[in-house]
Amino acid sequence: MGFWNVKRGIYPGSLVALPLFVGWILLAAFPISAQETPARSHISIATGNETGVYFPAGGAICRLVNKTRKENGFRCFVESTEGSAYNLRALRGGLADFAVVQSDWQYHAYHGSSIFEEDDAHKELRSVFALHPEAFTVVARPDAKIAKFSDLKGKRVNVGNQGSGQRGTLEVLMAAYGWTMNDFSLATELPAIDQPRALCANEIDVMLYVVGHPSGAVKEATTLCDSKIIPVEGPTVAALIEANSYYRDALVPQGLYRNNQKDVQTFGVGATFVTVAEMPQEIVYTLVKSVFENLDLFKRLHPALANLREEQMVFDSLTAPLHPGAERYFKEVDLLD
């Protein structure tokens, strides 16, 4: 099933953004013959906004799948969405076939905890493979007098839109600090794509992102208005990592951005690729095979993917059970016993 109730879509064969209503035109323009038509003629991947890593990562997956679309019998499309929480609910509601999501929200969706408590546990959620690490990234205006996370109190902070992984992770961290939204002088809900402009226009003091690096949005913010990346560390953060297996120490490596001469310590999660149990095994097997047999190319399609390793992609950050289609491929190539 397609995921057509989101803002924009992309057909990765051409890597050109398109309005969603033309999805059916693409299928009509590139018909699949009866001999190659499977149970599904296309699959959709729910990702994130266009300035993050999820969107190009999903596009990279689709690009590899679509290289052999005649043999596969289906095409792959990627959708721009509000992020992890939104994607997980879309999967559960049958509005997306696959999704890129943060490892923490994968955990909570599968177990029915945190923001998914009212939804109950989604035991049909299935892991496919892990992707890149993601750092909780705080970018502040140079005149905001912010040197550490606790300095955000009393500042103008973009907390992010509801349904985004950024917003959810921030709320967990705020709870650990004993904060509410009232502890900020202003809490805006701008989507991630609008953050750099708002920061550099002096509409907010701080923008937040849970993202793999390098990030286009962080580069924009640090280039346009000399903003800086703030460390997120200390006893409160260490306790959060200790108590939750899906969190990890992370850093923003030096040299990626202006005013980023040293590694910046923070914490983070892993980006993961997921689907549901009812997704046909052959489709999942074919998708995984397309990526892993072209892993060198896949890693070149975005800098955040450059350091991926096969073993890490099979085991890291995956809290839902592996889909049998993925498991089948991993066993064939001896990545699983």
Filter result for T236 (surrounded by fewer than 17 Cβ atoms within 10 Å (Cβ to Cβ), touching a residue at least 60 places away in the same chain (Cβ under 8 Å) and under 30 Å from I146 (Cβ atoms)): yes
In region 50-76, the residues that are of a type in the set (F, W, Y) and more than 16 Å from the chain's Cα centre (by Cα): F74
Some residue of region 77-85 being aromatic (F, W, Y), touching a His at 6+ places or on another chain (Cβ under 8 Å), in contact (Cβ under 8 Å) with a residue 60 or more places away in the chain and over 10 Å from G48 (Cα atoms): yes
Complete set of residues in region 219-263 that are of a type in the set (A, V, I, L, M, F, W, C) and within 27 Å of T319 (Cβ to Cβ): V232, V237, A238, A239, L240, I241, A243, A250, L251, V252
First in region 51-64 and at negative phi and surrounded by 24 or more Cβ atoms within 10 Å (Cβ to Cβ), second anywhere and assigned to a helix (DSSP H, G or I) and at pLDDT below 90, Cβ under 6 Å, 6 or more apart: V53/A304
Test: residue in region 210-225 that is charged (D, E, K, R), part of a loop (DSSP other than H, G, I, E, B), touching a residue at least 40 places away in the same chain (Cβ under 8 Å) and surrounded by 17 or more Cβ atoms within 10 Å (Cβ to Cβ): no
Pick from region 134-176, criterion charged (D, E, K, R) and part of a loop (DSSP other than H, G, I, E, B), ranking: farthest from A201 (Cα to Cα): K148
Count of region 177-189 residues which are touching a strand residue (DSSP E or B) at 6+ places or on another chain (Cβ under 6 Å), assigned to a loop (DSSP other than H, G, I, E, B) and surrounded by fewer than 18 Cβ atoms within 10 Å (Cβ to Cβ): 1
Residue in region 185-207 that is assigned by TED's automatic domain parsing to the domain that holds L256, more than 24 Å from R248 (Cα to Cα) and hydroxyl-bearing (S, T, Y) present: yes
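Being closer than 23 Å to V288 by Cα, in contact (Cβ under 8 Å) with a residue 60 or more places away in the chain and assigned to a loop (DSSP other than H, G, I, E, B) narrows it down to one of A90, A96, A130, so name that one.
Of the residues listed, the single one that is closer than 23 Å to V288 by Cα, in contact (Cβ under 8 Å) with a residue 60 or more places away in the chain and assigned to a loop (DSSP other than H, G, I, E, B) is A96.
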Subset tally (residues that are acidic (D, E) and surrounded by 14 or more Cβ atoms within 10 Å (Cβ to Cβ)) for region 311-337: 2
Among the residues listed as I193, I229, the single one being of a type in the set (A, V, I, L, M) and either surrounded by fewer than 17 Cβ atoms within 10 Å (Cβ to Cβ) or part of a helix (DSSP H, G or I) (or both): I193
Helices (runs of 4 or more DSSP H) (entirely within region 250-328) containing at least 1 residues that are in the same structural domain as K123 (by TED's automatic domain parsing) and modelled with pLDDT under 95: 295-300, 310-315
Residue ID - surrounded by the fewest Cβ atoms within 10 Å (Cβ to Cβ), chosen from residues in region 124-148 that are within 21 Å of the chain's Cα centre (by Cα) and more than 22 Å from E311 (Cβ to Cβ): E124
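The values are calculated or read from the model by the stated rules, or taken from the named source; none is laboratory data. It should be emphasised that the depicted structure is a prediction, and the values quoted were computed from it without experimental measurement. Heads up, the Cβs are rebuilt from the backbone with ideal geometry, glycines too, and the neighbour counts pull from every protein chain shown.
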